[in-house]
Amino acid sequence: MVEKLWDVQRPGRSQVMSAGSRKNLSRRRGLPSRGHWPASMCRMHEATTRLQALSRGIGNLATAAALLAPFPGLGATPTVPVEDVPFITTPDHVTVAMLELAGVGAQDHVIDLGSGDGRIVITAAKRFGASGLGVEIVPDLVAQSRVNARRAGVAARTRFEVQDLYATDLSTASVVTMYLLPEVNLALRPRLLALKPGTRLVSHDWALGDWAPDRTLTVAVPEKTIGREKLSRLHLWTVPAAVQGLWCGPAGATLQLQQRYQVLSALLTQGGLARSYSGRLHGAALELLGEAGARWQATVDGEVLRGGDATATLPWRRAGAAGCG
Ligand SMILES: C[S@@+](CC[C@H](N)C(=O)[O-])C[C@H]1O[C@@H](n2cnc3c(N)ncnc32)[C@H](O)[C@@H]1O
């Protein structure tokens, strides 16, 4: 039995609330069509599609209200939040597994994108001592999250804002959590990749396209209502430093790095010898492995690499327009 971490107060509306137009979202962001979606996501989408008639009705209301605007008292413009993902909660034991996977601790600031009733941020604060921000497009859910945070005794370390996750400043996060949809994850990917090296990203169920996770964990969820598999997949990425290009080392040495997300291949030219390496980035920590156990390690510090192999540990600098000359 999983410990109840905090008092869940669900708002007085159904779990799946309403949806923005996914077709429009895909068109807007140049994303894959529904034909590419996995089965479980199609079911999530079906649920939202049924509610689109409702949102279209609300759209008509908004049009009518706009037409009536010049006649005060005859019409009022309703505020309609546009949700890119329906409200479905992460179960408590999955929430804990997500935060453990990211290694959340007291020094972390967790931002949950689409924070629902606040459970991920509240658990991060209550159980792991972190601070946190939840951004959520549905005002009722934000109000409820604030109540839940007060009840859990973590109001001082948590903040909940009515905000579009696409407009959220993520620069203060050391951990970003998401339970969204594949297309939304993909649209967020460039911004996630540009975060501070070492920032951890955890996504419930959905990946980040061809950016392979550093770790994936499967958690049993017998009560799951979405999809046939009664389990959740949790994916973890650590944002890698951007190191693609040519680096200049001591005594004319050069290091040419090819980067694909956290995966590296490298050509090191030193003392008239060229050696190939393959390796990885873990945040700002770079490790290259070559033939015969050759190992090259460095820490990325902006435009400087500090480290090397046992024979050369001086700083390496990014090449300028004229190369290393
Ligand atoms: C699947 S729920 C996840 C809720 C919570 N993070 C959890 O794991 O329990 C996704 C949430 O994202 C919210 N959401 C959808 N589109 C959003 C947007 N553009 N900006 C902010 N929140 C959004 C929904 O209202 C919903 O509460």
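The values are calculated or read from the model by the stated rules, or taken from the named source; none is laboratory data. Remember, predicted model here, so these are calculated numbers, not experimental data. Every residue, glycine as well, gets a Cβ built from its backbone with ideal geometry; the counts of neighbours run over all protein chains shown.
Among the residues that make up segment 191-200, is at least one of them part of a strand (DSSP E or B), more than 15 Å from the ligand (Cβ to nearest atom), buried (at least 21 other Cβ atoms within 10 Å of the Cβ) and in contact (Cβ under 8 Å) with a residue 24 or more places away in the chain?
The answer is yes, given that some residue of segment 191-200 is part of a strand (DSSP E or B), more than 15 Å from the ligand (Cβ to nearest atom), buried (at least 21 other Cβ atoms within 10 Å of the Cβ) and in contact (Cβ under 8 Å) with a residue 24 or more places away in the chain.
Being among the polar types (S, T, N, Q) and either within 27 Å of LEU208 (Cβ to Cβ) or modelled with pLDDT of 95 or more (or both) is the filter here, so list the residues in segment 270-294 that pass it.
Answer for segment 270-294, where residues must be among the polar types (S, T, N, Q) and either within 27 Å of LEU208 (Cβ to Cβ) or modelled with pLDDT of 95 or more (or both): SER276, SER278.
Conditions (1) within 28 Å of ALA102 (Cβ to Cβ); (2) charged (D, E, K, R), marked per residue:
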{"position": "ASP205", "(1), (2)": "yes, yes"}
{"position": "LEU231", "(1), (2)": "yes, no"}
{"position": "TRP247", "(1), (2)": "no, no"}
{"position": "ARG260", "(1), (2)": "yes, yes"}
{"position": "ARG295", "(1), (2)": "yes, yes"}
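In segment 236-243, is there at least one residue being part of a loop (DSSP other than H, G, I, E, B), polar (S, T, N, Q) and over 20 Å from THR90 (Cβ atoms)?
no
Checking GLN259 against (1) more than 19 Å from the chain's Cα centre (by Cα); (2) touching a residue at least 60 places away in the same chain (Cβ under 8 Å); (3) not in a loop (DSSP other than H, G, I, E, B): exactly one of these is not met. Which one?
(2)
Quick check, is ALA187 of a type in the set (A, V, I, L, M) and farther than 21 Å from THR89 by Cβ?
Considered against the rule, which asks whether it is of a type in the set (A, V, I, L, M) and farther than 21 Å from THR89 by Cβ, ALA187 comes out as yes.
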